[in-house]
1. Please work out the C-alpha center-to-center distance from the range A:1-78 to the range B:210-286 and express it in whole Å.
2. Quick check: the distance between the Cα centres of the range A:209-286 and the range B:83-121, to the nearest angstrom?
3. Among the listed pairs A:K184/A:K276; C:K176/C:K203; C:K142/C:K217; C:K56/C:K176; B:K194/C:K203; A:K184/B:K78, which are separated by more than 22 Å between their Cα atoms?
4. With a 10 Å Cβ neighbour count serving as the proxy for reagent exposure, in which order, fewest first, do A:D216, C:D84 appear?
5. Using Cα pairs under 8 angstrom and six or more residues apart, how large is the relative contact order of chain B, in percent?
6. For A:R7 and A:D42, compute 0.36 nm times the residue count separating them, minus their Cα-Cα distance, and round to one decimal in nm.
7. Let me spell out the model: positive unit charges on the Cβ of Lys and Arg, negative unit charges on the Cβ of Asp and Glu, origin at the Cα centre of the range C:194-350. What dipole size does that give, in debye rounded to 20?
8. Let me have the relative contact order for chain A, percent, based on Cα pairs under 8 Å that are six or more residues apart.
Amino acid sequence: MLGYVIRRILFAIPIALGVSVVCFSLVYLAPGDPLQTVLPPDATAETIAIVKHAYGFDRPIPVQYAIWLWHVLHGDFGRSIASQRAVTLEVFGALSNTAMLVLFAAPISFLVGYGMGALAGCFPGRPTDRIVTGVAVIGVSLPNYWLGLVLVIIFAVELMVLPASGMGQSGSAAFTLWHWSDAKFLVLPVTTLAMIPIGIIARTTRAAVAEVRSQDFVTTLRAMGLGEGAVIRHVLKNASPQVLAVLGLQFGYLMGGSILVETVFTWPGSGFLLFKAIINRDIPVLQGSILALSLIFVATNLVVDLLQAVMDPRIRRA
Amino acid sequence: MNERAVVAQGAIPADSEIDGAPAIAVRGYWQSVLRRLRYDWVTIIFGLVVLAIVLAAIAAPLIAPFDPYQQSIVGRLKPFGWRGHPWGTDELGRDMMSRLIYGGRISLVMGLAPVLIATLVGGMLGVIGGFAGRVANTAIMRTMDVFYAFPSILLAVAISGAMGGGMINGIISLSLVFTPAMCRVAETATAQVKNLDYIEAARASGAGTLTIIRHHVLGNVLGPVFIYASSLVSVSILLASGLSFLGLGVQPPEPDWGLMLSTLRQSLYVNPLGCALPGIAIFITSICFNLVSDGVRGAMDVRG
Amino acid sequence: MSTAVEMLPYVDPRDRGGAAQPMLIARELQRHFRVKGAGKGAVVRAVDGVSFTLFKGETLGVVGESGCGKSTLARLLLHLVVPDSGELVFDGDAVGERGGVNVADLRRQVQMVFQDSYSSLNPRMPVQDSIAFGPMVNGRSKTEARRIAHEILVKVGLRPDLFGPRYPHELSGGQKQRVNIARALAVGPRMVILDEAVSALDKSVEAQVLNLLRQLKRTLNLTYLFISHDLNVVRYISDRVLVMYLGQVVELGPAAEVFARARHPYTRALLGSRLSMDAGRRIEAPPLVGDPPSPIDPPSGCRFRTRCPHAESVCEARMPTLGHWEDRSSHVAACHMTTPDSGHSLAGAA
């Protein structure tokens, strides 16, 4: 087991480095002089010279990458062109707001999606299965930001029971969960975000459960005289590694995929920060938030793989 | 076993299998897939809807009631049926129905082009990676792993965000998003086929690697790749409209569904129903492609 | 059964060495595979110093338990797996060496029929195309290759108009194996390696295919290397028999002699483990107990000694040699008991 953990962690390091290379090269994908993209347009000649030297823009690209990586490892992502604040501060502030959304949305969607999928997988071909499958297809085909707009139309425009956007009067700093005046701002974004992975989770769970159910050992359990409830418990337990894999993946997607939902609700999270960075062509912020979000994704995958190995001894040996 | 009887019959040995051979119609693989699809009415109906959307997009100039770019200062955000505009007008007084019909063109291109590019590039890399030795395989697959480490929407936003908006940049970034997954599918299929005896038999007949890939590998990789590609079309449409919604895809004044959603959002309180229309268009197109893809997958998975 | 020489109705123009020159001579063939996760430098000794001669027109049966290296040996002979060391002489020419026969030429003259009749045919190709593939690769036109395929289908007893356009999943196991044989023959080989070619078939179909093989050998003037774990089948089809154990040859000789007077204790055990139809000859105790030792770390000396009832200290100390294996009639075994003054107490008795 320990060997597997070490191998899996060692495997994640080159991936993380590769991710950083992609993020680094974003500066070069942007049209125009890379130096211009990381500096505000009104930067003085002196600032330009300082940045040029500090980030090695006059050096070969591999050296530039090394310098950039060195800065990043020390928590320095540069300065935002738009706000002039350190990118690190902006990204971490935004990440905590995104995390708040995800921490509410993830359990909801996991429970609903898993429940639907398990139900459908236990009764394949029955009406329950048909309904769940239908709902799941609708779920994966819906543009979630549009769903957000529809919810806004219904609950904010027509019924006027929930706020349409933002985080409320107190803003990010003084947001208090246990005051309805603040918490009500969470309802619509969380609901919209939770809808994204339900379809995929339900589909995967259904497929995993149905597959396990068709295996011989299930017949053996029944032959041994086990009740249907106990059989289902065995089936669900055996399907859990696959389900766990998709849950982990979806958790990562929720963090990364929140960009559209946060934009719809102008929720000041990392996705909205990304959106603002795109509008302002604020490449340092773009780089920083993408790197942070994808590293979270890599870390989630790592944790899920390790959890899977705990649950399924076959994986450890592979 | 009477050996003398065998020899006496000359070139054709006695074989009950010849006489007992049922006179079944011989079908190719794709023929049998089509035959199975014929009885799948869900897939057929949604396939027809897809066909209708495609035809409407192609024939947009013929069926659109108005010029999709024609603005009107007096006719802004008008309701359904206003002065012959069946679905009303948008925030610049342009005809909604015409813009939605023309929008299908862009959405279909954005849905199909990246998938096509990713299928070609990723499929090729995957076949090479699956068939080549360990070094080439590691180089290709580990590079793909890096791109796999991004959530898809994030990678698309990152690349489009850095390169700037526009349709071409959108297609490039979405192609990059889909290529690694496509490559994995092709690599897995190739690796499975690679060790089968008939590949070895082909090598024993003196065939070179390229000949073997062309005759024996591609045909077997095509199935899984096609299934996967068909499931990506709806994802691609959704992602592309998402990019447009963020201002990273198609630029104004082009009539793109995602972009329309983004601009109509400002007038949410004035004309909520009109604001919902482009979303419905995206949803219908995406769900139809999804269901057709599911049907095709079901028809292809069965081994006859 | 007629001897090989009598079966030659005409002289093949490709026959360079003449009837006396063996079709194939293998000398000390060796192939080890590296294994992952079994310690550094661990290798599977799949084929470890195998030598034998295959004469023109004969059928040499190769028997042994699964995992003894039979299939690797087959692939080595076709250079589908490249040997680590050893020498391969095809009709007087060294394979893959300067001045000898190159691998491409070798593969035109030696073909192989595989065991698994499912994975050995491309599921997405009509069988006539699978058969025509070989001739096409070797420069025939499409129509010509198709014509050859149809001719061969007739030869293996399948009606071309009925079976040619079918896909593998539309054929029975026996039909598929006939197609596999046709595919191998389409290139016009002089020698065919049959790797467990009938093992997956029902007994009745197996007999049909075996008879087909015998008959094809006669009409097409073929030489067979017939690999099987089924001793009855090997006895039925082979002129000579080679017994393998853990990557090595333990016994080699004319089929009738090996089956009547096996010299190696392993061969005797194999023969003893056959199912008998005769109730009076039923055996109570299994002649072979346990699994063969791991080919990663084989026993020292004689590799069979861990399962041999006659094992003595000399068996652990020295590896027995096969002796003079080059002749058609020689019956040799790699066992200390068959060599006088080897130090074994039963030496010379067997």
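1. One Cα centre to the other: 32 Å.
2. So the two Cα centres are separated by 31 Å.
3. A:K184/A:K276; C:K142/C:K217; C:K56/C:K176; B:K194/C:K203; A:K184/B:K78, as the Cα separations exceed 22 Å there.
4. By the 10 Å Cβ count, ascending: A:D216, C:D84.
5. The normalised contact order for chain B reaches 23 percent.
6. In short, 7.7 nm is gained.
7. Value, rounded to 20: 380 debye.
8. Rounded, it is 27 percent for chain A.
Read the figures in this text as sums done on the coordinates, not as results from a lab. Being a predicted model, the structure only gives us computed values, none of them experimental. For neighbour counting, all protein chains shown are included, and Cβ atoms are generated from backbone atoms with ideal geometry for every residue, glycine included.
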